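Comments concern the structure below.
Bear in mind that the values in this text are calculations on the coordinates, not laboratory data. From a predicted model like this one, the values you see are computed outputs, not experimental measurements. Every residue, glycine as well, gets a Cβ built from its backbone with ideal geometry; the counts of neighbours run over all protein chains shown.
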Amino acid sequence: MEKSKISPQQLFSLIILFEFGTALVVPLGVDAKQDAWLAELLGLTGGVILLLIYYYLYSHNKDQLLTSYIQKILGKYIGYFIGLSYILFFIYGASRDLRESSELFLLQFSETPMTALSGIMMILVCYAVYLGIEVLARTGELFLGIVFSMVILTIFCATFSNVIRFENLLPVLENGWKPVLTTAFPDNRNVG
């Protein structure tokens, strides 16, 4: 098997595009109303803590996959169960992303069956996997430039169109911390 290498800039591009993937479409922090920015900061804090835990585990087990070293840390059976849970979690996430993006495309192509739209996207993903991580990373670099250009243009247009109203952020914590905390750390039992 041939070893593929990507540059740190390409990895950065892929991570940023992954994070932008649904964040640009799904309204985040809406339940916290004018305190959405606080909920986002709290969610960011939780994400950074989780990232530091993953980085710590990776730095002590650089030659192994998560599913391998989790068995070494927690034991064979518990580690296997957690590794399998991770795999199932990412399969669920990928299928949910496929469904949501298909529904988004249905807004434009309302006469096209969702199975056809989903099939086309699955073929594109299979083709990208077939070409390899290097091609995907180079494409990510190209698209990151396009996305950043659009973000800068959007910020520029929003700033000079006078639609930004900082007074809409007030009063801070009008309804207390509960809406902020439940938005930042949602209870996922009702997801479906």
Which value in deg cm²/dmol, rounded to the nearest 500, describes the helix-derived mean residue ellipticity at 222 nm for the chain, given -39,500 (n - 2.57) per DSSP H run of n ≥ 4 and division by the residue count?
-> -24500 deg cm²/dmol
Calculate one ³J(HN,Hα) per residue across region 39-50 by plugging θ = phi - 60° into the Karplus curve 6.51 cos²θ - 1.76 cosθ + 1.60, and present them in order as whole Hz with x for glycine and proline.
-> 5, 5, 5, 5, x, 4, 4, x, x, 5, 4, 4
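Give, rounded to the nearest 20 debye, the magnitude of the charge dipole that the chain has about its Cα centre when Lys and Arg contribute +1 at Cβ and Asp and Glu contribute -1 at Cβ.
580
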Cα-only Debye scattering, region 133-183: base-10 log of I(q)/I(0) at q = 0.21 Å⁻¹ | -0.79
What list do you get for Glu174, Glu100, Glu40 if you sort them by fewest beta carbons within 10 Å?
-> Glu174, Glu100, Glu40
So what's the net charge close to Asn175: Lys and Arg +1, Asp and Glu -1, counting the other residues with Cβ under 15 Å from its Cβ?
-> -1
Rg/Rg_globular for region 70-124, with Rg_globular taken as 2.2 N^0.38 Å and Rg from C-alpha atoms = 1.69
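Regarding region 2-49, what whole-number volume in Å³ per residue does the convex hull of its Cα atoms give? Provide the component values of the computation, followed by the final result.
Values: hull volume 5.2 nm³, N = 48.
So the per-residue Cα hull volume is 108 Å³.
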With Rg/Rh (Cα atoms, Kirkwood Rh) defined as stated, name the option among (i) 1.00; (ii) 1.08; (iii) 0.93 computed from the structure displayed.
-> (i)
